[in-house]
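To keep things clear, I will list the structure first and then write my remarks on it.
The values are calculated or read from the model by the stated rules, or taken from the named source; none is laboratory data. Here the structure is a predicted model, which means the values were calculated and not measured. Neighbour counts are summed over all protein chains in view; Cβ atoms, including those assigned to glycine, are modelled from backbone coordinates with ideal geometry.
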Amino acid sequence: MEYSFSREVNGRNFRSSEAVKAGLPSKAQYYVNGDIFDASLLKCIDLRKAKCNIRQVENVCQPGDGLVMRPLHITDVNKGYLKLLSQLTEVGDVSHDDFVEKFRLIQNRTDSYYILVIEDTYMKIIVGTCSLVVEHKFIHSCGLRGRLEDLVVLREYRSRQLGKLLLESLRQLAKHLRCYKVSLECKDHLVPYYEQFGFQKEEGNSNFLVQRFPSIA
């Protein structure tokens, strides 16, 4: 299934090929092009400033032969994105239309969702992903608070530091966006892994409570 990307701006309907020519604002451009956020934000990533020991690459968005790191695209539903997420948790029965509807909903909540993926362009599959969710607060002078979620790398591509690249990239993006803090949740045995990125337990504030609603999940 193919999708056309168009948007009405100031009474005119633009397709992706017309967006740049028309000089549309960047948000309109990435909406038309099908990215979930503005890819130019990735220019802020500098692996020389990484908290962890990570292999340096000349182009952070091209971390290996045939590999490309970029924002999630609306057509990634055709490249195994949901199958990849199923290696992390239960995905459920998600149709193409369900994916597109949720994608547009997330995309329209600008400045809140930043979903990165790594694609193997030879195989045309998504092999890694991680998400930064930014909450807008009244506290901390109407500040921003970041959460890192849904980090997963396809089993066959692990041990290539792709998880490190995704996590470090979004950690730096959270700082670039001026989040006053960024946090994540993990299993006990993974705490040392995330500590190398600068994450730490806070004294008296490290409990994580959850209440699930089985009839809704």
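Could you check region 70-81 and list, in sequence order, the residues that are among the aliphatic types (A, V, I, L, M) and out of contact with any strand residue (DSSP E or B) (no Cβ under 9 Å at 6 or more places or on another chain)? Working first, answer last.
Here is the first cut: in region 70-81, the residues among the aliphatic types (A, V, I, L, M) are 72, 74, 77.
Passing the criteria: only VAL77.
Have a look at PHE138, PHE99 and point out the one that is closer than 21 Å to ILE74 by Cα and of a type in the set (Phe, Trp, Tyr). Exactly one residue qualifies, and that residue is PHE99.
Give the residue, chosen from ASP98, ASP93, ASP111, ASP76, that is under 16 Å from the mean Cα position of the chain (by Cα), surrounded by fewer than 14 Cβ atoms within 10 Å (Cβ to Cβ) and acidic (Asp, Glu). Outline the logic, then answer.
Details: ASP98 fails: under 16 Å from the mean Cα position of the chain (by Cα); ASP93 fails: under 16 Å from the mean Cα position of the chain (by Cα); ASP76 fails: surrounded by fewer than 14 Cβ atoms within 10 Å (Cβ to Cβ).
So the residue among ASP98, ASP93, ASP111, ASP76 that is under 16 Å from the mean Cα position of the chain (by Cα), surrounded by fewer than 14 Cβ atoms within 10 Å (Cβ to Cβ) and acidic (Asp, Glu) is ASP111.
Filtered by the rule that a residue be among the small types (Gly, Ala, Ser), surrounded by 10 or more Cβ atoms within 10 Å (Cβ to Cβ) and part of a loop (DSSP other than H, G, I, E, B), region 166-216 gives a lone residue, GLY198.
Conditions (1) over 19 Å from the mean Cα position of the chain (by Cα); (2) not charged (D, E, K, R), marked per residue:
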| residue | (1), (2) |
| --- | --- |
| HIS136 | no, yes |
| ARG158 | no, no |
| GLN161 | no, yes |
| LEU166 | no, yes |
| SER169 | no, yes |
| LEU173 | no, yes |
| SER183 | no, yes |
| GLU195 | yes, no |
| PRO214 | yes, yes |
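The residues of region 76-125 that are among the basic types (Lys, Arg) and either part of a strand (DSSP E or B) or touching a residue at least 40 places away in the same chain (Cβ under 8 Å) (or both), listed by number, are LYS79, LYS124. Could you tell me how many of the residues in region 146-165 are of a type in the set (Lys, Arg) and crowded, with 19+ Cβ neighbours inside 10 Å? Residues that pass the stated criteria total 1.
Against the numbered list (1) assigned to a loop (DSSP other than H, G, I, E, B); (2) of a type in the set (Gly, Ala, Ser); (3) at pLDDT 95 or above, GLY128 comes up short only at (1).
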